[in-house]
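Asks: Would you mind keeping the following structure in view while I ask a few things?
The values are calculated or read from the model by the stated rules, or taken from the named source; none is laboratory data. Worth saying up front: this structure is predicted, and the values here are computed from it rather than measured. Heads up, the Cβs are rebuilt from the backbone with ideal geometry, glycines too, and the neighbour counts pull from every protein chain shown. Calculation scope for accessible area: heavy atoms of the full protein, side chains included, ligands and nucleic acids excluded. Shrake-Rupley method; radii C 1.70, N 1.55, O 1.52, S 1.80 Å.
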Amino acid sequence: MVRSHFLPSTLELGPPTDLDAFAFQELLTTTPFLFNNSLHCNLLQCTHFADTLICAKEANQLVAFIFGYRIPTRPDTLFIWQTIVTEPYRGQGLATHMLQTLLRCPSCQDIVYLEVTIPNSNQAS
Ligand SMILES: CC(C)(COP(=O)(O)OP(=O)(O)OC[C@H]1O[C@@H](n2cnc3c(N)ncnc32)[C@H](O)[C@@H]1OP(=O)(O)O)[C@@H](O)C(=O)NCCC(=O)NCCS
């Protein structure tokens with residue numbers, strides 16, 4: 001886990017564990033704009049795709065995550081599928097910091113492009 005320097009010092013960034021699949025489910029269920037996944041899907045994200053997923057936790061509670069995966073036919077491109085920063089942590093640069101931290105990880109050193117799909121109505125995204 002890596003500590004963030006400009007958000008609460010108790011906030012820690014790092015990869016997921018398989019147990020985080022339950023917390024993903026909770027955040028996806030309670031966040032507008034996002035579609036829920038099955039718990040099985042969340043578990044696969046947290047295990048098979050852990051190299052391209054970053055979590056932010058405070059007191060061991062998941063408060064934010066960014067899930068990306070390499071596009072199979074274009075592995076130099078990271079597709080950002082889901083990003084959630086819970087309300088109390090928004091507007092403080094956490095999503096930006098998490099994305100930068102993820103891209104600095106050894107597993108993402110060869111990423112050249114980012115892709116994302118968002119609706120026009122989601123200004124924050
Ligand atoms: C989108 C979201 C992840 C942003 O997280 P955040 O930590 O607040 O974002 P940051 O503080 O890093 O801000 C990043 C940029 O977005 C801008 N921004 C953040 N919230 C904004 C808002 N409500 N309206 C307009 N711009 C916004 C910031 O000004 C910043 O821009 P800058 O780099 O030019 O200064 C967060 O609002 C969220 O979880 N929303 C609900 C879930 C969602 O819609 N996820 C995206 C689709 S998967």
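Asks: Just the number: Rg to Rh for the chain, Cα atoms, Kirkwood Rh, two decimals.
Replies: A ratio of 0.93.
Asks: For segment 25-74, what relative contact order do you get, as a whole percent, if you take Cα pairs closer than 8 Å and at least 6 residues apart?
Replies: Dividing the mean separation by the residue count of segment 25-74 yields 23 percent.
Asks: Now for a separate question. Within the chain, which is the longest segment that contains none of the chymotrypsin sites (Phe, Trp or Tyr not before Pro) sitting in a DSSP loop with at most 14 other Cβ atoms within 10 Å?
Replies: With chymotrypsin sites (Phe, Trp or Tyr not before Pro) excluded where exposed in loops, the chain gives 36-125 as its longest stretch.
Asks: Using a probe radius of 1.4 Å on heavy atoms only, what accessible surface per residue do you get for the chain? Whole Å² is fine.
Replies: I get 60 Å² per residue for the chain.
Asks: So how exposed is Ser9, as accessible area in Å² (1.4 Å probe, rounded to 10)?
Replies: Approximately 90 Å² of Ser9 is accessible to the 1.4 Å probe.
Asks: How much length, in nm to one decimal, is gained on full extension between Asp110 and Ser38, taken as 0.36 nm per residue of separation minus their Cα-Cα distance?
Replies: 22.9 nm
Asks: Another question about this same structure. Compute a Gaussian network model of the chain, connecting alpha carbons closer than 10 Å, and tell me which residue from Thr30, Thr96, Thr73 fluctuates the most.
Replies: Checking each option, the largest mean-square fluctuation is seen for Thr73.
Asks: Could you derive backbone 3J(HN,Hα) for segment 62-76 from the dihedral phi with the Karplus parameters 6.51, -1.76 and 1.60 (θ = phi - 60°), listing whole Hz in sequence and x where the residue is Gly or Pro?
Replies: Taking θ as phi minus 60°, the curve returns 5, 10, 6, 7, 10, 10, x, 8, 6, 5, x, 8, 9, x, 7 Hz for segment 62-76.
Asks: Could you check how much of the accessible area of the chain is carbon and sulfur, as a whole percent, using a 1.4 Å probe?
Replies: Whole-percent figure for carbon plus sulfur exposure: 58.
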